[in-house]
Amino acid sequence: MKKILLLAVTLVAVVTGAMAQIPAEVTAVMDKCHAAMDNPNGLEYTMDMKVAMGPVTLTNSQMVMGSKGEMNRSSVTFKVLDHSMTFLSGFDGNESWEVQNYGKQDTIRISKGKKDKDNDGADLDLAKGFRKAKMKLKDGYYEIDFSDPADKKSEMKKLALKISAKNYYLREMRTSAKGARVVMTITKVKVGLPDNYFKLDLGKYPNAVVVRE
């Protein structure tokens, strides 16, 4: 699920890399969005994600994600039926860390250096982007519809974005894969994060199982 959760930050760079057939005005908006979402002073955003299949909502999730240079931090709470799961992870510039909570005892994993996550089930191939795009300005937002994925085997055939015309922050993403609809909506953005924002405070987890890798 990691790639889905990071999509709001990374999809701009992914799509921009395959813009040969994308209108110039779309490229310009995407470039400005990428710059806005990669603020050198650090940026935190709160995002709601809903995954549904037909009339059934499979999961409602809330994410709080922050980044500053190479440092990052994400807090994700999944709600599936009557179950709730929380994951907290980050990289403070020296160590990667991850806190897992399944409603019982916390487990904390700490490793040196930046730890790249593999795709563990998202199965959304965005690596080569899309070949076509249409854009319109409506109610203060650029609405961009991407189609015709370069990878014909991709489960994702279309991607719809809403980007603020005022500050170029990503507001909403809609897509679907394998019959499931995904809607991600950013509800809050904060600019300016201190470096200690990205550090793990072990004092908050006195009873956790700590694994150093």
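Bear in mind these aren't lab numbers, they're just calculated from the coordinates by the rules spelled out. Everything numeric here is computed off the predicted structure, so don't read it as measured data. Cβ sites come from the backbone with ideal geometry, for glycine too, and all protein chains shown count toward neighbours.
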Study note, to complete from the structure: Candidate cut points under chymotrypsin sites (Phe, Trp or Tyr not before Pro) in the stretch 135-213, DSSP loop plus at most 10 other Cβ atoms within 10 Å of their own Cβ, are none
Exercise for review: Quote the FRET efficiency, to the nearest 0.05, computed for V183 versus D31 with a Förster distance R0 of 25 Å and r equal to the Cβ-Cβ distance.
Suggested key: 0.55
Check your understanding: Suppose R0 equals 22 Å; then what is the FRET efficiency for K190 and K115 from their Cβ-Cβ distance, rounded to the nearest 0.05?
Key -> 0.30
Point to revise | Efficiency of FRET from Cβ geometry, S75 and V211, R₀ 22 Å, rounded to 0.05 | key: 0.65
Revision key, fill the gap. Taking every other residue with Cβ under 9 Å from the Cβ of T46 and scoring Lys and Arg +1, Asp and Glu -1, one gets 0
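What is the sum of charges around F146, taking Lys and Arg as +1, Asp and Glu as -1, for the other residues whose C-beta is under 10 Å from the C-beta of F146?
Numbers: positive: R131, K132, K134, K157, K158; negative: D145, D148.
Here the count lands on +3.
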Practice item. State, to one decimal in nm, how far the label point of D151 lies from the label point of R174, with both points 7 Å from Cα in the Cβ direction. Key: 2.4 nm
Revision key, fill the gap. Rg/Rh over Cα atoms for the stretch 131-170, Kirkwood Rh, comes to 1.08
Study note, to complete from the structure: Once phi for every residue in the stretch 38-55 is put through the Karplus expression 6.51 cos²θ - 1.76 cosθ + 1.60 (θ = phi - 60°), the whole-Hz ³J(HN,Hα) values, with Gly and Pro written as x, are 10, 5, x, 7, x, 9, 10, 9, 9, 9, 9, 10, 10, 10, 9, 9, x, x
